[in-house]
């Protein structure tokens, strides 16, 4: 399955990644979630849920937020890896990560 990932920081500040099935080949949901969890921890993200449980959508939003827009603006390897892992974790053809609105759609 191909994937179209959009990471938005509000207004015209959107960054798009078009991924082929080859990009996510061999990456399972668990591996993607592990990568997101590690980045969540490394970036010292604050959990959205006061009970401490961190859902995959929270990890995606916080990792994008704490990772920073600069990674996406610069089209860094990290930003592409984020897109690949988000696609693998959610297994949807189109995913919009709206950092400003704090929602994944």
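Which residues, counting only those in the stretch 61-82, are under 17 Å from residue 37 (Cβ atoms) and either touching a helix residue (DSSP H, G or I) at 6+ places or on another chain (Cβ under 9 Å) or at pLDDT below 95 (or both)?
Step one: list which residues in the stretch 61-82 are under 17 Å from residue 37 (Cβ atoms), which gives 61-67, 78, 81-82.
Scanning the stretch 61-82 gives 62, 63, 64, 66, 67, 78, 81, 82.
Can you run down the residue pairs with Cβ atoms below 8 Å, 6 or more apart or on separate chains, where the first is in the stretch 90-101 and within 13 Å of residue 14 (Cβ to Cβ) and the partner is in a loop (DSSP other than H, G, I, E, B) and at pLDDT 95 or above?
99/9; 100/9
Yes/no per residue for (1) part of a helix (DSSP H, G or I); (2) touching a strand residue (DSSP E or B) at 6+ places or on another chain (Cβ under 8 Å); (3) in contact (Cβ under 8 Å) with a residue 24 or more places away in the chain:
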site	(1), (2), (3)
7	no, yes, yes
32	yes, no, yes
65	yes, no, yes
79	yes, yes, yes
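For residues in the stretch 34-46 being in contact (Cβ under 8 Å) with a residue 12 or more places away in the chain and farther than 19 Å from residue 70 by Cα, which is surrounded by the most Cβ atoms within 10 Å (Cβ to Cβ)?
So the first thing to find is which residues in the stretch 34-46 are in contact (Cβ under 8 Å) with a residue 12 or more places away in the chain, and the list is 35-37, 39-40, 43-46.
Next, from what is left, pick out any that are farther than 19 Å from residue 70 by Cα: 35, 37, 46.
Working: 35: 20, 37: 15, 46: 10.
The residue in question is 35.
Limited to the stretch 1-31, what total is found for residues that are under 19 Å from residue 98 (Cα atoms), in contact with a helix residue (DSSP H, G or I) (Cβ under 8 Å, 6 or more places away or on another chain) and buried (at least 17 other Cβ atoms within 10 Å of the Cβ)? Working first, answer last.
Keep residues of the stretch 1-31 that are under 19 Å from residue 98 (Cα atoms), which gives 3-19.
Adding the requirement that they be in contact with a helix residue (DSSP H, G or I) (Cβ under 8 Å, 6 or more places away or on another chain) leaves 3, 5, 7, 9, 13, 15, 17, 19.
Pick out the ones that are also buried (at least 17 other Cβ atoms within 10 Å of the Cβ) and you get 3, 5, 7, 9, 15, 17, 19.
Final tally of qualifying residues: 7.
The values are calculated or read from the model by the stated rules, or taken from the named source; none is laboratory data. The shown structure was predicted, so the numbers you read here are calculated from the model rather than taken from an experiment. Quick reminder, even Gly has a Cβ in these numbers, built from the backbone with ideal geometry, and neighbours come from all protein chains shown.
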